[in-house]
Amino acid sequence: MVTEQRHRIMGAVNVSDLGEFGLIERLAKAVGADRQESLIVGIGDDAAAWRLGDSLVLATTDSLVEGVHFLPERVPWVDLGWKALAVNVSDIAAMGGDPLFALVTLALPPETPVEDIDGLYAGMQECGREYGVAVVGGDVVRAPQVMISVAVIGHAELGAEGRPQIMRRDAAKAGFVIAVTGSLGDSAAGLKRLQDGAPADDPLVRAHLRPKPPLAAGRQAARLEVPCAIDVSDGLLQDLRHVCDLCELGAVVRADAVPLSQQLRSAFTAEEALALACGGGEDYQLVFIAPQETMRLLRASAQVRVTVIGEMDEHPEQRPRLMDASGVEIKLPEAGWDHLRPDGRPSGRA
């Protein structure tokens with residue numbers, strides 16, 4: 001209380017005043033002057049990318065915190081291990097690369113049962129075998145609550161004349177079409193059902209506990225020179241807004257084109273399902289943004305469903321807009337994930 005009063009008197013700005021993405025922007029400016037020539041992509045994308053000799057290295061990191069990202073009394077540790085690694089694989093997929101190695105930092109209360117950590121690593125091993133990632137090291141520290149932080153190192157191909165064959169968030173242009181892999185909303189729906197007591201084998205709960213990033217589709221998109229991509233972690237509309245902000249463009253998403261699974265349609269009303277798909281987050285599907293012909297080639301060759309849901313436009317003041325079949329904008333309740341949201345009501349996670 002004393003600290004809060006002192007901050008008000010001194011006019012201090014808290015990180016909650018900036019929000020997660022405002023803080024990231026501030027930090028990016030703080031370190032921007034130290035950018036090295038070998039760095040191709042730095043802060044603000046799904047992964048960092050830099051040249052190392054004739055190779056292109058990718059690196060990303062993500063953390064799961066007890067009570068923030070997972071419900072310790074409801075989530076099996078083996079599933080938590082899978083997810084901790086899979087969310088990082090998704091970042092590498094969004095760049096069009098291949099994940100290789102993982103470093104894991106565990107922050108644990110001393111009373112944590114060893115069998116829980118055995119289950120955690122069993123899940124990471126399962127995910128690693130699925131996506132070709134080896135856990136090669138990390139750190140263990142004491143903490144008042146469980147936190148799992150994973151960093152993944154990968155690589156991407158170099159194309160003609162040594163050009164980096166990667167996708168970026170800042171490479172969209174007006175007129176490019178927007179497409180998404182798989183279906184959206186299942187993870188957020190699964191979280192709701194998990195909180196309501198649904199078992200771990202419920203199909204929607206499985207989508208929340210065991211995301212399966214379409215890694216091969218990301219690689220194929222990069223080979224076809226899809227310029228822009230992002231994974232759906234914060235929520236479709238919020239993730240598209242990241243692209244719009246970087247490119248100074250607008251985006252239109254057609255509500256009737258957003259792909260929804262039959263399980264989601266059966267468990268929720270049409271309005272609820274759409275809101276979960278557009279704002280729930282943690283689907284870890286991929287959004288691709290490319291010229292129409294490039295997208296046509298990707299849809300024909302990808303091993304997963306790729307659905308065109310909209311297009312980029314030249315109206316940055318309107319980003320992004322969700323439109324119904326008659327061209328009327330649909331206003332959804334505020335959604336999407338922001339770790340530092342002042343109201344303390346981040347959506348799409350525990």
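The values are calculated or read from the model by the stated rules, or taken from the named source; none is laboratory data. Only a predicted model underlies this, so the values are computations on that prediction, with no experimental measurement involved. Glycine gets a Cβ as well: all are built from the backbone with ideal geometry, and neighbour counts include every protein chain shown. Calculation scope for accessible area: heavy atoms of the full protein, side chains included, ligands and nucleic acids excluded. Shrake-Rupley method; radii C 1.70, N 1.55, O 1.52, S 1.80 Å.
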Portion, in percent, of the accessible area of segment 265-339 that falls on carbon or sulfur, probe 1.4 Å:
49 percent
Residue-normalised accessible area of the chain, expressed per residue, 1.4 Å probe, Å²:
47 Å²
FRET efficiency for Asp139 and Arg299, using Cβ-Cβ distance with R0 set to 41 Å, rounded to 0.05
0.45
Say a site is exposed when it is one of the trypsin sites (Lys or Arg not before Pro), sits in a DSSP loop, and has at most 13 other Cβ atoms within 10 Å; what is then the longest site-free stretch of the chain?
36-330
How large is the helix-only mean residue ellipticity at 222 nm for the chain, computed as the sum of -39500 (n - 2.57) over DSSP H runs with n ≥ 4, divided by its residue count, in deg cm²/dmol to the nearest 500?
-11000 deg cm²/dmol
Expected output is a single nm value to one decimal: the length gained when fully extending between Asp170 and Arg223, i.e. 0.36 nm times separation in residues minus the C-alpha distance. What is it?
17.3 nm
Given the options Ala229, Ala267, Ala302, which has the most mean-square fluctuation in a GNM of the chain, springs set between C-alpha atoms less than 10 angstrom apart?
Ala267
Extension gain, Leu18 back to Arg163 (0.36 nm per residue minus Cα-Cα distance, nm):
48.6 nm
Expected max-MSF residue from Ser55, Ser149, Ser90 in the GNM of the chain (alpha carbon, under 10 Å) is Ser55
Centroid-to-centroid separation of segment 214-262 and segment 292-325 [C-alpha atoms, Å]
8 Å
Residue with peak Gaussian network fluctuation, the chain [Cα springs, cutoff 10 Å], from Gly182, Gly42, Gly22:
Gly22
Please give the residues of segment 289-330, grouped as numeric ranges, whose backbone N is less than 13 Å from a label point set 7 Å along the Cα-to-Cβ vector of Ala270.
324-326
Leu332 to Phe101: extension gain in nm, 0.36 nm per residue of separation minus the Cα-Cα distance?
79.2 nm
Give the aspartates and glutamates reachable from Lys331 as a straight Cα distance under 13 Å; neighbours fewer than 8 places away on the same chain don't count.
Glu271, Glu272
Size of the dipole of segment 229-297 about the Cα centre, Lys and Arg at +1 and Asp and Glu at -1 on the beta carbon, nothing else charged, in debye to 20?
240 debye
Percentage relative contact order, the chain, counting C-alpha pairs under 8 Å, at least six apart:
21 percent
